[in-house]
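Heads up: the structure comes next, in structure tokens.
The values are calculated or read from the model by the stated rules, or taken from the named source; none is laboratory data. Since we're looking at a predicted model, the values are computed, not measured. As a convention, Cβ positions derive from the backbone with ideal geometry for all residues, glycine included, and neighbour counts pool all protein chains shown. In case anyone asks, the SASA skips ligands and DNA or RNA and just uses the protein heavy atoms, side chains included. Shrake-Rupley method; radii C 1.70, N 1.55, O 1.52, S 1.80 Å.
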Amino acid sequence: MRRLTVTDLVGAPLAIAWGAVASVLEARRPLRPRVVERRDRYPINASFALGAALAIRLVLAPAMVATACAAERRGFGVLRWTRLRGPAGLLVGFLVLDYAMYWLHRADHHWPLLWRFHRAHHADIDVDATTAVRFHPGEVLLTIPGRCLQVALAGVGPRLALAYEVALLLAALFHHSNIDLGDGVDTRLSKIVTTPRTHGIHHSIEPAELDSNFGLVFSLWDRLHGTVRANTHAEAVVVGLADLPPRNVLSAVRSWLLPFSA
């Protein structure tokens, strides 16, 4: 589909460029000390990134585009009902998409089947930019109904739906980055968007911290629903899953089979 090709030509280069910048900054200004060497994690995360990218490009993205086109034809969704156009329509559509994504992320943590697959993301014992693309393709496929419902309820066209996907990827690469922005800068930014400190807490092995800071682009949804948690000790957060051996990198095979283990 031509729309997807155009998005590929924009989103992929931006993601690669930010990933390269983040890798340098993570080495120079790390937020948390690394638990293991990058070489022990990067191949595993790369394998997940490839599988997830194929599932998104071949199945999820086309499904979302088809849903957006159908919503346009039928006049369905918030933008169609409110008849918003121009910049106001783009802003409201983006906000609705991100608000729905907040709830979908909470569902990943609280619906047992979704959590089984989302655990592969949280099993990373360091969090950096590569964690942003560490998603099991099974999770991508399971979330297709929810992602299509998200697009339909927003009533956005295919271009805005795909633009949000690019923004979501870039935001994920940013807030997963192990970069110390400085407490003042991070705190100010966190009032608007999700930052490395706030999202780092979300990857904690502590249940109360894991069950917080679900926002993906904007952070206001966590404040609205009382799921925000302060970032006062982000540098000392122990990352991973409490039911897995601490500070232990799972092999690629065990990581991929994690959703199917007890």
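Numerical summary
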read-out: Count - residues of the range 36-83 that are out of contact with any helix residue (DSSP H, G or I) (no Cβ under 9 Å at 6 or more places or on another chain) and open to solvent by less than 70 Å² (accessible area, probe 1.4 Å); value: 1
read-out: Options H233, H225: the member that is under 17 Å from L104 (Cβ atoms) and more than 18 Å from the chain's Cα centre (by Cα); value: H225
read-out: Among the candidates A242, A230, residue that is farther than 25 Å from L181 by Cβ and outside any helix (DSSP H, G or I); value: A242
read-out: Candidates V193, V238, filtered to the one that is within 27 Å of A20 (Cα to Cα), in contact with a helix residue (DSSP H, G or I) (Cβ under 9 Å, 6 or more places away or on another chain) and either polar (S, T, N, Q) or touching a residue at least 12 places away in the same chain (Cβ under 8 Å) (or both); value: V193
read-out: Any hit, the range 235-248, residues being touching a Phe, Trp or Tyr at 6+ places or on another chain (Cβ under 9 Å) and at negative phi; value: no
read-out: Residues of the range 95-120 classified as touching a helix residue (DSSP H, G or I) at 6+ places or on another chain (Cβ under 8 Å) and either in contact (Cβ under 8 Å) with a residue 40 or more places away in the chain or not in a helix (DSSP H, G or I) (or both), total; value: 13
read-out: All helices (runs of 4 or more DSSP H) inside the range 23-92 with 2 or more residues being basic (K, R); value: 38-55, 61-74
read-out: Where a residue in the range 41-70 is within 17 Å of A123 (Cα to Cα) and its partner, wherever it lies, is loosely packed, with under 14 Cβ neighbours inside 10 Å, with Cβ under 8 Å and at least six apart; value: I44/S251
read-out: Residues of the range 188-209 that turn out to be in a helix (DSSP H, G or I) and open to solvent by 30 Å² or more (accessible area, probe 1.4 Å), as a count; value: 4
read-out: R3 vs. criteria open to solvent by 70 Å² or more (accessible area, probe 1.4 Å) and either under 17 Å from L160 (Cβ atoms) or modelled with pLDDT under 90 (or both); value: yes
read-out: Number of positions in the range 123-143 that are of a type in the set (F, W, Y) and without any contact (Cβ under 8 Å) to a residue 40 or more places away in the chain; value: 0
read-out: Among the residues listed as H118, H122, H110, the single one being open to solvent by 30 Å² or more (accessible area, probe 1.4 Å) and over 13 Å from A154 (Cα atoms); value: H110
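For every residue, the table says whether it meets (1) modelled with pLDDT of 95 or more; (2) of a type in the set (D, E, K, R).
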| position | (1), (2) |
| --- | --- |
| H176 | yes, no |
| D183 | no, yes |
| D186 | no, yes |
| V193 | yes, no |
| T198 | no, no |
| A208 | no, no |
